[in-house]
1. List, please: which pairs have Cβ atoms under 9 Å, are six or more places apart or on different chains, and start with a residue in segment 24-50 that is farther than 13 Å from V11 by Cα and end with one that is surrounded by fewer than 18 Cβ atoms within 10 Å (Cβ to Cβ) and of a type in the set (D, E, K, R)?
2. Among what's in segment 222-236 and is under 18 Å from N138 (Cβ atoms) and out of contact with any helix residue (DSSP H, G or I) (no Cβ under 9 Å at 6 or more places or on another chain), pick the residue that is surrounded by the most Cβ atoms within 10 Å (Cβ to Cβ).
3. Looking only at segment 209-221, which residues are buried (at least 16 other Cβ atoms within 10 Å of the Cβ) and either under 24 Å from G14 (Cα atoms) or among the polar types (S, T, N, Q) (or both)?
4. Filter segment 224-254 down to the residues that are part of a helix (DSSP H, G or I), within 15 Å of the chain's Cα centre (by Cα) and in contact (Cβ under 8 Å) with a residue 12 or more places away in the chain, then identify the one that is nearest to D29 (Cα to Cα).
5. Go through the residues of segment 209-223 one by one and say whether even a single one is over 16 Å from the mean Cα position of the chain (by Cα), closer than 19 Å to R145 by Cα and either in a helix (DSSP H, G or I) or among the aromatic types (F, W, Y) (or both).
6. Could you grab the pairs with beta carbons closer than 8 Å, sequence gap of 6+ or different chains, first residue in segment 101-120 and farther than 23 Å from C183 by Cβ, second one surrounded by fewer than 21 Cβ atoms within 10 Å (Cβ to Cβ) and among the hydrophobic types (A, V, I, L, M, F, W, C)?
7. Any residue that is modelled with pLDDT under 95, touching a helix residue (DSSP H, G or I) at 6+ places or on another chain (Cβ under 8 Å) and not in a loop (DSSP other than H, G, I, E, B) - is there at least one of those in segment 183-195?
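The values are calculated or read from the model by the stated rules, or taken from the named source; none is laboratory data. Given the structure is predicted, the values throughout are model-derived calculations rather than measurements. All Cβ positions, even for glycine, are placed from backbone atoms using ideal geometry, and neighbour counts span all protein chains on display.
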Amino acid sequence: MTRTDGPVAIVTGGAQGIGEAVVRRLHRDGATVASLDIDGDRATASATAIDPDQPPLALACDIRDAKQVEQATSQVLELHGRVDVLVNNAGVAAYFDAVTMTEDDWDDVFAVDLKATWLCARAVLPGMRAQGSGAIVNVSSIHSRMTLAGAFPYAAAKAGVLGLTRSLALDNGPYGIRVNAVCPGYTRTVLVQQWLDTQPNPRETAAAVDEVHALGRIGEPDEIAATIAFLASDDASFVTGAELLVDGGLSARFAS
């Protein structure tokens, strides 16, 4: 299935939104890409839409399950012999009150938004260490640095992703492996649209959100994907342990 001698990449949550845009960008740039998603049918449909002739590999995988993560990684290794890039993109939004949230709710959120980031890294790191190279890009969020009322515990999980990123960068730098994080702000995805749809006046809310950005608009998935592709590439060869805000200037503004 390898189309070129380019890198082999795994992208989690690759069937829609930012993940789908990352799969499309890496595939366009010549990488051999495996798209992992809990919805295997949706992942297959997305991959086929990206390239009907030579679609990215689509694998059904629940990244909360260590065995499924190991099996998917093993399948990629069997097909291509290596993994050069891991993009930990899959995540879930969470809106809870700290008092009423249950332990099961907490565990479910952290299983996807934080634990799975470690599980996927654990699966690819032995091969990356053996080959002496690799790049891991973790998708955190602007919520890791600033947040909104009612977004508990999403902000805590995404802040954890930054701590994990720094630790993995330090521990694996001697093996030639770089680990970085991107922190997107508002991006035109299904999750953001679902949030807008819960507002009393979605159109007014969308206009207000646009207005607080320095660029006057929210981001597009392809714009986040471009940043991820840079961090995964040799152009970022001296970048590791970094967290890159991709928020259209939202975090540069004082509340007013």
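1. Within 9 Å, the pairs are R28/D51; G30/R3; G30/D5; I50/R28.
2. In this case the residue turns out to be L231.
3. Residues satisfying the conditions are I218, G219, P221.
4. Our first condition is that a residue be part of a helix (DSSP H, G or I); within segment 224-254, this holds for 224-232, 234-236, 250-252.
With within 15 Å of the chain's Cα centre (by Cα) added as a condition, the list becomes 224-232.
Retained after the next criterion (residues that are in contact (Cβ under 8 Å) with a residue 12 or more places away in the chain): 224-229, 231-232.
On the way: I224: 15, A225: 12, A226: 11, T227: 13, I228: 12, A229: 9, L231: 13, A232: 11 Å.
It comes out as A229.
5. First pass over segment 209-223, keeping only residues over 16 Å from the mean Cα position of the chain (by Cα): 209-218.
If we keep only those that are closer than 19 Å to R145 by Cα as well, we get 209, 212-214, 218.
Those still in the list that are either in a helix (DSSP H, G or I) or among the aromatic types (F, W, Y) (or both) too: 209.
Among the residues of segment 209-223, at least one is over 16 Å from the mean Cα position of the chain (by Cα), closer than 19 Å to R145 by Cα and either in a helix (DSSP H, G or I) or among the aromatic types (F, W, Y) (or both), which makes the answer yes.
6. M101/F152; D105/F96
7. Looking through segment 183-195, at least one residue is modelled with pLDDT under 95, touching a helix residue (DSSP H, G or I) at 6+ places or on another chain (Cβ under 8 Å) and not in a loop (DSSP other than H, G, I, E, B).
Residues checked against (1) more than 19 Å from the chain's Cα centre (by Cα); (2) at pLDDT below 95; (3) of a type outside the set (D, E, K, R):
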site	(1), (2), (3)
D62	no, no, no
V87	no, no, yes
M101	yes, no, yes
D108	no, no, no
K115	no, no, no
